[in-house]
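Below is one structure, written out as structure tokens; the observations come after it.
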Amino acid sequence: MVIPEIVWRLADVIFIVNIFLAMVVVVFERRNPTSTLTWILLLFFMPILGFLLYIFIGQSLRREKRFHLKEEEEQVVRPLLARQDAGLHENSLTFNDPRARHYQDLIHLQLKGNYSLLTQDNKVELFSEGDELFRRMLASLKGAKSYIHMEYYIIRNDSLGRLVMRVLAEKARAGVEVKLLYDGMGCIWLNRSFFKELLQAGGQTAEFFPPFLPYVNIRINFRNHRKICIVDGQEAYVGGFNIGDEYRGLSPRFGYWRDLHLSIKGSAIDTLEMRFLLDWRFASGELLSAKDKYFPARRVEGITAVQIVSSGPDLTYESIKYGYLKLIDKARRSVYIQTPYFIPDDSILDALKISALSGVDVRLMLPYKPDHACVHWASLSYVGKLLEAGVRCYLYKRGFLHSKLIVADGFAGTVGTANLDVRSFDFNFEVNAFIYDREIGSPRP
């Protein structure tokens, strides 16, 4: 059988186009060699179609300017950064707890790479159970007088979700500014009528990367995984709990839900507020100025040192991952880690093995009961090499473990939304609190 000449010519055209598309991928993915190789192989086996997949799920957002501080915002932040930077360089920055000086390089890393100011006037409380957290959060929401800003990956249409919506609607009717930001993938099954009462009451909602069609979201990557709640600029919540009954341990599938969330009172709230305003500006298109009411004066309630650190595909540096690496590296006695998803890159894996081989007590806790079987088995595939290096690995059996925690030497640690996996490091928008405090960092029963 003789193949027509037009078929050969078409094959030549496809080959040339594919070479050009591969060059485009190399240019856009030059920051990540592994990702580059993956996409080039996909182009090789699936000409043209592979590039269409890259357009939908593979593009980086690191050139996206809408996520970043505007010039006028930088004018406010940069003098504060410069002052703290000079104090760190000159070793003249005063710490409430002198043990924090051991972590000056970590503090400087987040200051320079993430605009993360160190604040030392914070009162921080830890919540590991949903009922306790949501009782406290609902009380805060009901007491709001000026504004409520909330940003969540998942909101369920269940008893807790509906209760939160009723409270928000009541506050909006009372004249409180209510803004609620939710993720288009995390809430993909949430009917938009769910927000009707809040919107009719004068509240506002915005959706982060909404579905192209109802219940069909082609943008699988680049999800807003952050969980932030700010009330009047006086109290804020950040951590791993989403809004839904399963996070109160009421899901028949998961049973008891173990997580970690923080309540913060103090100047660290300002950084969380700036994060919310930037995310709201991107999702809603509304240009919110840094109003005084969003950054109110507040009395000093504590002495805990906190840095709020964001990461995402829009940022130059993987700041939360860098912070994880620094915490592991700085530890001299112990590193304790909890994460529901453990798919580390080579840098994290090597850091854990090096730390354990150096005599540091490294402990990793993962869930025994999976929510995603494939991810769970992938997580367990790394355990063998860690055990060989001396890392102690545990499986949490009481229920589902969802907390994201690293604590070094019982003093410095981080709690937030970022897992120890490549999705949190490279594709999701995350936020963590880095804390330097003996009371918060000490192990609890």
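Of C229, C187, all but one fail to be buried (at least 20 other Cβ atoms within 10 Å of the Cβ) and modelled with pLDDT under 95; the exception is C187. Restricted to segment 347-376, and to residues there that are assigned to a helix (DSSP H, G or I) and over 23 Å from the mean Cα position of the chain (by Cα), the residue that is farthest from D426 (Cα to Cα) is L357. For segment 331-347, a residue qualifies if it is touching a strand residue (DSSP E or B) at 6+ places or on another chain (Cβ under 6 Å) and of a type outside the set (S, T, N, Q), and the qualifying residues are A331, V335, Y336, I337, P340, Y341, F342, I343, P344.
Here is a check on your reading of the model: is K145 of a type in the set (K, R), at pLDDT 95 or above, within 25 Å of A418 (Cβ to Cβ) and not in a helix (DSSP H, G or I)? For K145, the condition - of a type in the set (K, R), at pLDDT 95 or above, within 25 Å of A418 (Cβ to Cβ) and not in a helix (DSSP H, G or I) - is not met. Taken together, the criteria place N432 among residues that are closer than 21 Å to I269 by Cα, outside the structural domain of F208 (by TED's automatic domain parsing) and surrounded by 17 or more Cβ atoms within 10 Å (Cβ to Cβ). All but one of (1) surrounded by 17 or more Cβ atoms within 10 Å (Cβ to Cβ); (2) outside any helix (DSSP H, G or I); (3) of a type outside the set (K, R); (4) out of contact with any Pro (no Cβ under 7 Å at 6 or more places or on another chain) hold for S379; which doesn't? Failing condition for S379: (2).
Tell me, yes or no, whether segment 204-215 has at least one residue that is among the hydroxyl-bearing types (S, T, Y), crowded, with 16+ Cβ neighbours inside 10 Å and either modelled with pLDDT under 95 or part of a loop (DSSP other than H, G, I, E, B) (or both). Within segment 204-215, not a single residue is among the hydroxyl-bearing types (S, T, Y), crowded, with 16+ Cβ neighbours inside 10 Å and either modelled with pLDDT under 95 or part of a loop (DSSP other than H, G, I, E, B) (or both).
Here's the yes/no breakdown for (1) basic (K, R); (2) part of a helix (DSSP H, G or I); (3) modelled with pLDDT under 90; (4) outside the structural domain of D245 (by TED's automatic domain parsing):
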| site | (1), (2), (3), (4) |
| --- | --- |
| L262 | no, no, no, no |
| T271 | no, yes, no, no |
| R275 | yes, yes, no, no |
| D279 | no, yes, no, no |
| A283 | no, yes, no, no |
| E286 | no, no, yes, no |
| A290 | no, no, yes, no |
| A297 | no, no, yes, no |
| Q307 | no, no, no, yes |
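When we screen L81, L88, L118 for residues that are within 15 Å of A305 (Cβ to Cβ), surrounded by 15 or more Cβ atoms within 10 Å (Cβ to Cβ) and modelled with pLDDT under 90, the only hit is L88.
The values are calculated or read from the model by the stated rules, or taken from the named source; none is laboratory data. Everything numeric in this text was worked out from a predicted model, so none of it was measured. Note that we place each Cβ from the backbone using ideal geometry, even for glycine, and neighbour counts take in every protein chain shown.
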